[in-house]
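**Student:** My questions will all concern the structure given below.
Throughout, read-outs are computed from the coordinates displayed, never taken from laboratory work. What you are looking at is a predicted structure, and each value in this text was computed from that prediction instead of being measured. Using ideal geometry, Cβ is built from the backbone for each residue, glycine included, and neighbour counts are taken over all protein chains shown.
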Amino acid sequence: MEIIRELPLDQILLGDTVRMMRMLPTASIDCIFADPPYNLQLRGELRRPDESVVDGVDDDWDKFADYAAYDAFTREWLIEARRVLRKDATIWVIGSYHNIFRIGAILQELGFWILNDVIWRKSNPMPNFRGRRFTNAHETMIWAARGQDSRYRFNYQAMKSLNDDQQMRSDWLIPLCTGNERLKNEHGLKLHPTQKPEALLHRILLSSTIQGDVVLDPFLGSGTSAAVARRLSRHYIGIERHPAYVEAALGRVRRVRPVTDDGLSTTPTKRDVPRVAFGTFVESGALPAGTMLTDRMKRVQAVVVADGSIKAGAVQGSIHKVGAEVQNAPSCNGWTFWHFERGGKWVPIDVLRTDPPA
């Protein structure tokens, strides 16, 4: 089989997932979002009491002979997923109780490093028509790095900003895809039974990718991930075996307008902050020798020394070492612990890295 040497950026490929993934170069993808078959039909849980089909999930793509066949399929596409991911890339896989635990075990067996399981809690779930179980009001997403040694991206500050300046939790309350966002066929019915809401993909891509990253969706469906990737100025590659879904996804993506450059910037994470030695600010005069430092509550004091160390009583050393010593703690982030006076206010010395003096 001839290997594609260049990535088919911003394209939707019609064909079998595994076959198409094998045509992609190794270590070429920054993030994967995968919404694989849920294996519903094998469990016989598709029909309501009136024998109508639940959400219309009766397509061939969800038919497997047994659990072994489903596991073999899962292993096959995840092997290719790990091959095409860059070393520091991550993968998101969404599923329900029918399949997500099987997928999680296979992810671990293949060497992926699970970072979080995120619960998508639906504010408007489908009711349980039989009345014999709890209403199934959530789906589970596994977020995993390619390996344990991956320096994966997590836009922590962006997620905090998105959540009213509070840490983003691992349970996300987002409604099902409804209204104008839900794609319909020529009969006015749902085009795709499991179309995901754009709000869900917005949060996923904003948390783990940056502008220009390449996002692969091996089960593109109606194209939600491609549409959101385009809006956020990420490159996308979609794979879908159903011609009607491909046609709908292409039309959907063409209608998307990418946000302007001003709307793409996100709050930098600590990893994005330049690595600058404390002594650099001492020798430049931004924080000259003799400057008094204190903690936020002004309980302890230290003085800046000309060699870039600080001294608190008999203790002298780095901002981190001295900070730990005065607190009798095993470690300390000196950048956030120590404060200095600037413009009549006491501010952490960390501002020197993010907002240096002119």
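**Student:** Taking 30 Å as R0, compute the FRET efficiency from the Cβ-Cβ separation of N185 and N163 and round it to 0.05.
**Tutor:** Given R0 = 30 Å and the Cβ-Cβ separation, E is 0.25.
**Student:** On to the next question. Please sort 27-37, 102-112 by packing, taking for each peptide the average over its residues of neighbouring beta carbons within 10 angstrom, highest first.
**Tutor:** So the order, starting with the most tightly packed, is 27-37, 102-112.
**Student:** State the Cα centre-to-centre distance between the stretch 141-216 and the stretch 293-349 in whole Å.
**Tutor:** 40 Å
**Student:** FRET efficiency for F101 and L173, Cβ-Cβ distance as r, R0 = 25 Å, nearest 0.05?
**Tutor:** Rounded to the nearest 0.05, the efficiency is 0.65.
**Student:** Can I ask one more? Would you kindly state how much longer the chain becomes between R257 and A65 on full extension, computed as 0.36 nm times their sequence separation minus their alpha carbon distance, in nm to one decimal?
**Tutor:** Fully extending the segment from R257 to A65 adds 64.9 nm.
**Student:** Could you give the size of the charge dipole of the chain about its Cα centre, using +1 on the Cβ of each K and R and -1 on the Cβ of each D and E, expressed in debye and rounded to the nearest 20?
**Tutor:** So the magnitude is around 680 debye.
**Student:** Then there's this: For the stretch 143-151, take each phi angle, set θ = phi - 60°, evaluate the Karplus expression 6.51 cos²θ - 1.76 cosθ + 1.60, and give the result in whole Hz per residue in order, putting x for glycine and proline.
**Tutor:** 10, 9, 7, 4, x, 5, 8, 6, 8
**Student:** Quickly estimate the mean residue ellipticity at 222 nm for the chain, helices only: each DSSP H run with n ≥ 4 gives -39500 (n - 2.57), and the total goes over all residues, rounded to 500.
**Tutor:** Here the helix-only value at 222 nm equals -7500 deg cm²/dmol.
**Student:** Percent antiparallel among DSSP beta bridges with both residues in the chain, to the nearest 5?
**Tutor:** 60 percent
**Student:** Work out how much length A137 to A27 would gain on full extension: take 0.36 nm times their residue separation and subtract the Cα-Cα distance, in nm to one decimal.
**Tutor:** 36.0 nm
**Student:** Counting only C-alpha contacts under 8 Å and six or more residues apart, can you give the relative contact order of the chain as a whole percent?
**Tutor:** With pairs under 8 Å counted, the relative contact order is 15 percent.
**Student:** Another question about this same structure. Lys pairs in the stretch 11-270, Cα-Cα under 28 Å, at least 8 apart or on separate chains: how many?
**Tutor:** 14
**Student:** Would you kindly give the portion of the calculated P(r) for the stretch 273-354 that falls above 14 Å, as a percent of all Cα pairs?
**Tutor:** Percentage above 14 Å: 58.
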